[in-house]
Amino acid sequence: MTQEKKKGGILPPDGGWGWMIVAGCFVVTVCTRAVTRCISIFFVEFQMHFARDYSGTAWIHSLVDCTTVLCAPLGRLIGNRLSCRVAVILGGFLSSIGLVLSSFTTSLEYLYLTLGVLTGLGFALCYTPAIAMVGIYFCERKALAYGIAMSGSGIGTFILAPVVQLLIEHYSWRGALLILGDFVSNLCVCGALLRPIILKEKEACPLPVDSECEYGVKPPTVNSVPTGKAVGDKLEVDAKQRCFQSMQEYHFLLMPDFLVLAGSFLLLASGCSLPFVYLVPYALDVGVGHQHAAFLMSMLGVIDIIGNITFGWLTDRRCLKKYRNICYMFAVGMEGLCCLFIPLLHTFVLLVPFSVLYGYFDGAYVALIPVVTSDVVGTTYLSSALGVVYFLHAVPYLISPPIGGWLVDTTGTYTPTFFLSGFALISSSLLLFSVAVIRHCQRNQKNSLSKDPKLVSYLMIIIPATS
């Protein structure tokens, strides 16, 4: 390895310390995504203690999700400028402090700041750099490494949900938040595991060397010293090149297909977060016990992993590969359909199938988001497009839970909230399906015209005459 470093870097290890990176990323996903999901278990406790309505209490979960998504680029920036290790350690410290301070809160507004903003900011600094480190350490076995690392969200939810409920019962919600703050401080340990490495130039820089755009070309020199004019010209060329590359990188934003996809994702994000926030409060409202209500969230989390893996595997089969977009629409539509039926489920036995089905289809469509996006923008722009896609989730994550809470406050029932979630998800699926049908009809019409030579010759005569 020392000889490799002298040559300018090393190859991705694809093992060795890389598995410690995977373990660290696994714990990061447990401490960020799973803990965020378990905040809904505190919903009723916050509401009763502060005597606030559903809409006001829902802002806590909204702020955590929104801050995590909005500040993710900040985590990437710190990871690139300093190191992923520094970003994750700093994020672990901030999120732990946020949870500990939340245990001493005296008002709901104080929780907005500590649990919503501060903890969400810490999660944002941890999540993106930890995932990026897995991609640096693995090349050949990258899919396996990511599969293990990302499974922490579902496994963590399955384990933490009943544990958090037990902590609330034994130590109250304040004690539970204090213990969670101590648990989340393990993010600092995970950050310490993220040992930086320098890859070989061709591995670290995926962009090809292109002489036409002067990438990697030395400026003109006189006696091996760059002239002032050459340096100035080089800086000007570099500035224009960076501007051009930035425009090219986000050129997909002008694509009609991507705009339709973005609208679909906005509807999707508006509906998918509501069941995670209101499933436990709804179960308690219909008479389900606290432990059973927490178990519903556990079921949803572990089935989420099964859906992610199995649906991704199924759509990779040769017979379904060309129908992956349809499979994505089906998964989103079925998830919405599950939400429309939940107001009819009033017992724990009936709510278990909902958790199973909703969790499965939730994991299914999440696995296909990169695939659907890649089919629209291509692999060249996939990284930038996914950044935009996940950024689009921020606003719906922020406003949809309070809107759902306002509906509960106004109507006195959870039915409109789950109907809002269901119709938003179904609308997301129908939007893509409608566009796909229109495109299919246009292709058939174009093919029929091309196959009819008499009609083509007739149009060639008529069109010039009319013009």
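So here's what we get for this one:
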{"item": "Checklist (1) in contact with a Lys or Arg (Cβ under 8 Å, 6 or more places away or on another chain); (2) hydrophobic (A, V, I, L, M, F, W, C); (3) at pLDDT below 85 applied to Phe276, failing item", "result": "(3)"}
{"item": "Index of the failed condition, Phe295 passing every other in (1) modelled with pLDDT under 85; (2) over 25 Å from Ala424 (Cα atoms); (3) of a type outside the set (Asp, Glu); (4) crowded, with 21+ Cβ neighbours inside 10 Å", "result": "(1)"}
{"item": "Filter result for Ser421 (among the hydroxyl-bearing types (Ser, Thr, Tyr), part of a helix (DSSP H, G or I) and open to solvent by less than 20 Å² (accessible area, probe 1.4 Å))", "result": "yes"}
{"item": "Flag if Ala124 is in contact with a Gly (Cβ under 6 Å, 6 or more places away or on another chain), closer than 18 Å to Gly404 by Cβ and either open to solvent by 60 Å² or more (accessible area, probe 1.4 Å) or modelled with pLDDT under 90 (or both)", "result": "no"}
{"item": "Qualifying residue in the range 371-393 (condition: within 30 Å of Leu63 (Cβ to Cβ), surrounded by fewer than 15 Cβ atoms within 10 Å (Cβ to Cβ) and at pLDDT 80 or above)", "result": "no"}
{"item": "Given (1) β-branched (Val, Ile, Thr); (2) surrounded by fewer than 18 Cβ atoms within 10 Å (Cβ to Cβ); (3) at pLDDT 85 or above, index of the condition Ile303 fails", "result": "(2)"}
{"item": "Selection status of Val69, at pLDDT below 85 and under 20 Å from the mean Cα position of the chain (by Cα)", "result": "yes"}
{"item": "Filter pass, Ser95 being part of a helix (DSSP H, G or I) and at pLDDT 90 or above", "result": "yes"}
{"item": "Qualifying residues in the range 306-316 (those that are in a helix (DSSP H, G or I) and open to solvent by 30 Å² or more (accessible area, probe 1.4 Å)) - the one modelled with the highest pLDDT", "result": "Ile306"}
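Residue-wise test of (1) β-branched (Val, Ile, Thr); (2) at positive phi; (3) touching a Phe, Trp or Tyr at 6+ places or on another chain (Cβ under 6 Å); (4) open to solvent by less than 40 Å² (accessible area, probe 1.4 Å).
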| site | (1), (2), (3), (4) |
| --- | --- |
| Thr68 | yes, no, yes, yes |
| Cys71 | no, no, no, yes |
| Leu74 | no, no, no, no |
| Leu90 | no, no, no, no |
| Phe93 | no, no, no, no |
| Ile97 | yes, no, no, no |
| Thr106 | yes, no, no, no |
| Leu111 | no, no, no, yes |
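The values are calculated or read from the model by the stated rules, or taken from the named source; none is laboratory data. Note that this is a predicted model, so its numbers are computed, not measured. Quick reminder, even Gly has a Cβ in these numbers, built from the backbone with ideal geometry, and neighbours come from all protein chains shown. Side chains included, ligands, DNA and RNA excluded: accessible areas come from the protein's heavy atoms. Shrake-Rupley method; radii C 1.70, N 1.55, O 1.52, S 1.80 Å.
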